[in-house]
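Read the figures in this text as sums done on the coordinates, not as results from a lab. The structure displayed is predicted, hence computed values, not measured ones. Neighbour counts are summed over all protein chains in view; Cβ atoms, including those assigned to glycine, are modelled from backbone coordinates with ideal geometry.
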Amino acid sequence: MGYCLQSRFRTMAQLPFDDQFYDRLRLFLDACNAETDRGKALVSASVVEEMLAEILKAFLAEGAEIRRLFDAPNAPLSTLSSKALMCRSLRLINAVEYRDIDLVRKIRNEFAHSVTCSFEDQKIRNWAQELKVGMAQLDDLDMDHKSRVHDARRRFGMVTTSIVSNLYNRAHYVKKLQISDREFPD
């Protein structure tokens, strides 16, 4: 029976995989594992920002004015901060996701503006320790438990992977709630 299951899984793995976001997820995971501290912070924040944009675009009514919200000069939704705030304001992400995305943004900004920045810096370690998405069970462990995550880089990686996993199909579900043009009385 074990051979049949292995054969079946091998065959399933060879089937075409039709998921438009899988390649980006795979790239994110591979890049984060191979990156320097700076690269990990920049890549992680970039992928989260892309996903927030997709969520917003899936929710908002389609049209040229929507694209200008993201791409025009001085576009109001051109930053990670503004995308996260808009997603939270529309309740497309929860409060914990919003808080952690803002911490990821702060960590990314520290790395972007300092050549010597690392996950060993006290400020970065403090922010990383505040990250919560996907960490509840590990954080409930005794402080000296071997599975508890004290390393800032590791915690950042685990939380950003959880955030990306949470947001992975969010645009698909949000699309079902998409707003549309309405008629109002004069």
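What the table shows:
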item	result
Dipole magnitude (debye, nearest 20) for the range 21-175, charges at Cβ of Lys, Arg, Asp, Glu	240 debye
When each of Lys40/Lys176; Lys123/Lys175; Lys40/Lys83; Lys146/Lys175; Lys106/Lys175 is checked by Cα-Cα distance, pairs over 31 Å	Lys40/Lys176; Lys123/Lys175; Lys146/Lys175
Rg/Rh ratio calculated on Cα atoms of the chain (Kirkwood radius)	1.05
Size-normalised alpha-carbon gyration radius of the range 91-186, reference 2.2 N^0.38 Å	1.43
